[in-house]
1. At R56 and E14, where each label point lies 7 Å from the Cα along Cα→Cβ, what is the point-to-point distance in nanometres?
2. On a full-extension model of 0.36 nm per residue, what is the gain between M47 and R4, subtracting their alpha-carbon distance, rounded to one decimal in nm?
3. When we measure straight from the Cα of K49, which lysines land under 20 angstrom away, once same-chain ones fewer than 8 places off are left out?
Amino acid sequence: MNSREQTVYGMSEEDIREQYMAIGKMTGLEMVVAGVLSDCQEMLAHMPKDMAPIGRDRVRKQLNIAKFILFEMMDQRETA
């Protein structure tokens, strides 16, 4: 994992493909993205209004993971 991946996602792009997108083969990537977004909603719902920077950063990274998966889906459609 490079520093950009750590800053943006908190994990490598390869890990996203293995840990998130592999599930999409069973459920569909749309459901994976919906799940990540639901997780973000739950994180926000259970954080205090003055949420610590670590909490905000965790939500930000999860949203970036959802966007990464969406961009991968777009790339797959373009090459199909």
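Each value in this text was obtained by applying a stated rule to the coordinates, not by laboratory testing. Since the structure is predicted, the reported quantities are computational estimates derived from the model, not experimental observations. Cβ coordinates were reconstructed from backbone atoms using ideal geometry, including for glycine residues, and neighbour counts include every protein chain displayed.
1. Placing both labels 7 Å beyond Cα along the Cβ direction yields 3.3 nm.
2. Answer, rounded to one decimal: 12.9 nm.
3. In chain and number order, the partners are K61.
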